[in-house]
Amino acid sequence: AFGAQPLPTLLSDMESHELRAASASAAALLGVAPHDLPGRSLKDLLPGCVPGEDKAFPRDVSIVKQDGSHAVLEPSRTSVSLAGRACWLTTLVDVTAERELLETQRLAQARAAALDASPVATCLVDEHGHLTHANAAFGALMSLDADRVDGMSLAGFEAQAGGSSPADQSATAAGAEPRLTRWRRPDGSSFDAEICSAALPDPAGACIVTVRDVTDSRRAGD
């Protein structure tokens, strides 16, 4: 019954940490043949995890299986007695996918925070040239509340008649030369704008666009 239970479980001697028994599900999770587990040290199978020492009992344990693949396991334990010997019963839960998702979300949040903190006026636009996000610098440059730009058209800022289509304005290829144009703010003031954009891989057609006020530098050049 112990060997057949679906929850990956290890039974180890509390003093020596030697494995006394392991479920087939634990062997499969660890990538080790069931007959190769008894007698092995729990500390070798789960690096950094010593059940008898609270400070050395981590929330997560990262392992490398025999096939070279990586996994993140969440262990839990309870003390039991077997044939007069004090033992630890350690159960394992594979949280690899969950931890990877959390890391992906953490990185996404860090990148979003970096975008919002950038001193360069930056916005995200969809395939139709409509704004989906803008940072504080963009709001300051355009005298807009950056939290209320969703749905506004990038073409709506063009002060010059006969400008290119929203798709042409937003979907320039990565590394393309900056485009100089004239932009008008909602309050009626205008400025010479240098527009740079790059396509984002997801969602399809979305772009990141940066805007710089180059009015002073253009006047100096004139």
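The values are calculated or read from the model by the stated rules, or taken from the named source; none is laboratory data. What you are looking at is a predicted structure, and each value in this text was computed from that prediction instead of being measured. Because the Cβ atoms are built from the backbone with ideal geometry, glycine has one as well, and the counts that use them run over all protein chains shown. Note: accessible area is taken over every heavy atom of the protein model, side chains too, but ligands, DNA and RNA are not part of it. Shrake-Rupley method; radii C 1.70, N 1.55, O 1.52, S 1.80 Å.
Here are some notes:
- For the pair residue 50 and residue 93, label points projected 7 Å from Cα toward Cβ lie 2.6 nm apart.
- If you plug the beta carbon distance of residue 107 and residue 28 into 1/(1 + (r/R0)^6) with R0 = 30 Å, you get a FRET efficiency near 0.45.
- Exposure rule at most 16 other beta-carbon atoms within 10 Å, DSSP loop GluC sites (Glu not before Pro): the chain longest free segment: 128-222
- Take the Cα of residue 76, step 7 Å toward its Cβ, do the same at residue 216, and the gap between the two points is 6.2 nm.
- With protein chains left intact and a 1.4 Å probe, residues in the chain average 55 Å² of accessible area per residue.
- A cut-off under 9 angstrom between Cβ atoms defines the neighbours of residue 73, and their net charge, with Lys, Arg +1 and Asp, Glu -1, is -3.
- Take the chain and mark each of the trypsin sites (Lys or Arg not before Pro) that is in a DSSP loop with at most 16 other Cβ atoms within 10 Å; the longest unmarked stretch, sites excluded, is 66-222.
- For the chain, the longest principal axis of the alpha carbon atoms and the long axis of helix 96-117 meet at an angle near 30°.
- The chain, accessible surface, carbon-and-sulfur percent (1.4 angstrom probe): 53
- Using R0 = 22 Å, the C-beta based FRET efficiency linking residue 2 and residue 60 works out to 0.30.
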